[in-house]
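Input: a single structure, listed below in structure tokens.
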Amino acid sequence: MQKIAITGGKGGTGKSTIAVLFANKFVRNNKKVIVCDCDVECPNDYLLLDQRLEKPRQKVYAEFPKLNKTKCKKCGLCAKTCRSNAIFQAPEEYPIFIKDLCSTCGACWIVCPNGAVEPKKEQIGQVFLNKIKKDYWLVTGIAKPGLEETGPVVTQTKKFAMALAKKINPGFILFDTAAGTHYPVISALLDCDLAYAVTEPTPMGAYDLNLILDLCQKLKVPAKIILNQADLGYKTKIKTIAKKFKTTIKKEIPYSKKIVEAYSRGNLLNIAQNYV
Amino acid sequence: MKICICTAGSDLKSLVDQVFGRCSYFLFVDTETEESRAIKNKAKKTVRGAGIAAAQIIADEKAELVIAGNIGPNALAALEQSDIKVISGASGTAKKVLEKFEKGELK
């Protein structure tokens, strides 16, 4: 089984479209495929494949810190330790936990010498499963609306997909990541055998490509470039970046009205042409 | 009174930075002695929660009043929690802002 991440840095370059086109191709070649939508803040692979998300298969929980004031000695260690700046402590006061900034890493209760910070479980997301057709599955993770740190939802969604993979033994599992290079993207990229960085020939596409390739390098995930809408801009910069990271442009996909229409209609499953 | 002005530079000639959490310097001014001292804002480069981190620096310095440009809800709540008053919407040089404050023109 090959674990492939579809990423790219910049938003709107066609990550989800490419992920679905890859899955279509693999299924046509008689391989079993799981598409795992890791863009948990706004998953849309299910829309592109004309599916509905009913009955969650799994609820995702995370542990947030809660202060036990009877044990707290106001030492301030938790506030100093927090890398997310999610703990504030006014002088001589109890620390305050700002949930919106919390990454649920758990460092605060690990460092507390008095056991005053207690983990409290809360639901932060859901995982859905759709069978698209024979040998074609879609796993979708969704974070609770307004949740600031969605990385843990991605991790859990991936775990669900990997557990499914153990049962059905697919040839490929495609992790469709969010845009950016932050925690949810890192969670999606970790442990992948290969990443396709989908970008477009624009200055912003190039800028973000540079960031994502740098991240892939740090995570030791080999990355190749897919240049979408390749005929609509200037490729020079993309080629320079490819050279810098010693990688190649695996595929150039020209702008196609056909893909755009299929995308808009949730009809991507029926694209039979090999674009990728 | 110990005042903290969020500034773009390290002295009284500097402009008030329009962002709070990611301002360049905190200029602490003692209104009695008129002494000022600037601290580089370490929160400027944090990925997130810069407002909280900045409020923590100011609270640790035990300032009584913050004069800032724009300030977000998290930082505002944190400062209020520490009994630190906040005047937002300030602009111009720190010196001008200070003069205005002393004349009671800053609200």
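Throughout, read-outs are computed from the coordinates displayed, never taken from laboratory work. Being a predicted model, the structure only gives us computed values, none of them experimental. With ideal geometry, Cβ positions are generated from the backbone for all residues, glycine too; neighbour counts draw on all protein chains shown.
Principal axis lengths of region A:69-115 from Cα atoms, whole Å, largest first?
24, 21, 16
For A:LYS25, go through the lysines and keep the ones whose alpha-carbon is under 20 Å away, minus same-chain ones fewer than eight residues off.
Result set, ordered by chain and number: A:LYS3, A:LYS15, A:LYS131, A:LYS133, A:LYS134, A:LYS224, A:LYS250, A:LYS251, A:LYS257, A:LYS258.
Over region B:40-107, what is the relative contact order in percent, taking alpha-carbon pairs closer than 8 angstrom and at least six residues apart?
With pairs under 8 Å counted, the relative contact order is 26 percent.
Where the centroid of each part is defined by its Cα atoms, how far is region A:31-105 from region B:1-65 in Å?
Answer, in whole Å: 30.
In debye to the nearest 20, how big a dipole does the protein assembly as shown give about its Cα centre with +1 on each Lys and Arg Cβ and -1 on each Asp and Glu Cβ?
Numbers: 59 positive and 38 negative charges, 394 e Å.
Computed charge dipole of the protein assembly as shown: roughly 1900 debye.
Kindly express, to the nearest 10 degrees and within the range 0 to 90, the angle between helix A:15-28's C-alpha long axis and the longest C-alpha principal axis of chain A.
Helix A:15-28 sits roughly 60 degrees off the main axis of chain A.
Considering only Cα-Cα distances, which of the following residue pairs are longer than 19 Å: A:LYS69/B:LYS62; A:LYS120/A:LYS144; A:LYS59/A:LYS121?
Details: A:LYS69/B:LYS62 23 Å; A:LYS120/A:LYS144 17 Å; A:LYS59/A:LYS121 12 Å.
A:LYS69/B:LYS62, as the Cα separations exceed 19 Å there.
With each pseudo-label sitting 7 Å past Cα toward Cβ, what's the A:ASN30-B:GLU35 distance in nm, one decimal?
Distance between label points: 8.4 nm.
B:LYS44: which aspartates and glutamates have alpha carbons under 14 Å from its alpha carbon, excluding same-chain residues fewer than 8 sequence positions away?
B:ASP17
What is the set of long-range amide H partners of A:GLN229 at a cut-off below 5 Å, with H atoms built 1.01 Å from backbone N?
Here A:ILE253, A:TYR255 satisfy the definition.
Taking GluC sites (Glu not before Pro) that fall in a DSSP loop and have at most 10 other Cβ atoms within 10 Å as cut points, what is the longest piece of chain B between them?
Within chain B, the longest run free of exposed GluC sites (Glu not before Pro) spans B:36-104.
If you average the sequence gap of Cα pairs under 8 Å that are 6 or more apart and divide by the length of region A:69-115, what percent do you get for the contact order?
After rounding, I find 42 percent.
Please provide three numbers in whole Å: the alpha-carbon extents of the protein assembly as shown along the principal axes, with the largest listed first.
The Cα atoms of the protein assembly as shown stretch 80, 52, 36 Å along the principal axes, largest first.
Mean residue ellipticity at 222 nm from the helices of the protein assembly as shown, using -39,500 (n - 2.57) per DSSP H segment of n ≥ 4 over the full residue count, to the nearest 500 deg cm²/dmol?
Calculated mean residue ellipticity at 222 nm is -9000 deg cm²/dmol.
Kindly point out, ordered by number, any Cys in chain B whose beta-carbon has no other cysteine beta-carbon under 4.7 Å away.
Flagged as lacking a Cys partner: B:CYS4.
Just tell me which aspartates and glutamates come within less than 14 Å, Cα to Cα, of A:LYS237; anything on the same chain fewer than 8 places away is out.
A:LYS237 reaches A:GLU200, A:ASP208.
Rank the residues A:CYS72, B:CYS23 as a footprinting-exposure proxy: fewest other Cβ atoms within 10 Å of their Cβ go first.
Taking fewest neighbouring Cβ atoms as first place, the list is A:CYS72, B:CYS23.
Can you list, by residue number, the Cys in chain A that have no neighbouring cysteine C-beta under 4.7 Å?
A:CYS36, A:CYS38, A:CYS42, A:CYS72, A:CYS75, A:CYS82, A:CYS102, A:CYS105, A:CYS112, A:CYS192, A:CYS216
Report the relative contact order of chain A, percent, no decimals, based on alpha-carbon pairs under 8 angstrom and at least 6 residues apart.
29 percent
How far, in degrees from 0 to 90, does helix B:50-60 lean away from the longest principal axis of the Cα atoms of chain B, to the nearest 10?
60 degrees
Using a simple charge model, +1 on the beta-carbon of Lys and Arg, -1 on the beta-carbon of Asp and Glu, nothing else, what dipole does region B:2-101 show about its Cα centre, in debye to the nearest 20?
The calculation lands at about 520 debye.
Using r as the Cβ-Cβ distance of A:LYS243 and B:ASP11, and R0 as 41 Å, what FRET efficiency do you calculate, to the nearest 0.05?
0.35
Hey, what do the phi angles of region A:198-205 turn into as Karplus ³J(HN,Hα) couplings, whole Hz, using 6.51/-1.76/1.60 and θ = phi - 60°, x for Gly and Pro?
Residue by residue, region A:198-205 yields 8, 9, 10, x, 10, x, 6, x Hz.
Amide H neighbours of A:VAL60 under 5 Å, at least 5 residues apart or on other chains, H built in the peptide plane: list them.
A:ILE124, A:GLY125, A:GLN126, A:VAL127
Which of A:LEU190, A:VAL117, A:ILE98 sits farthest toward the positive end of the charge dipole of the protein assembly as shown, with +1 on the Cβ of Lys and Arg and -1 on the Cβ of Asp and Glu?
Result: A:LEU190.
For region A:173-271, which trypsin sites (Lys or Arg not before Pro) are both in a DSSP coil and crowded by at most 16 other Cβ atoms within 10 Å?
A:LYS220, A:LYS235, A:LYS246
Whole-Hz Karplus ³J(HN,Hα) for region A:134-139, in order, using 6.51 cos²θ - 1.76 cosθ + 1.60 and θ = phi - 60°, x for Gly and Pro?
With coefficients 6.51, -1.76 and 1.60, one gets 4, 6, 9, 10, 10, 10 Hz.
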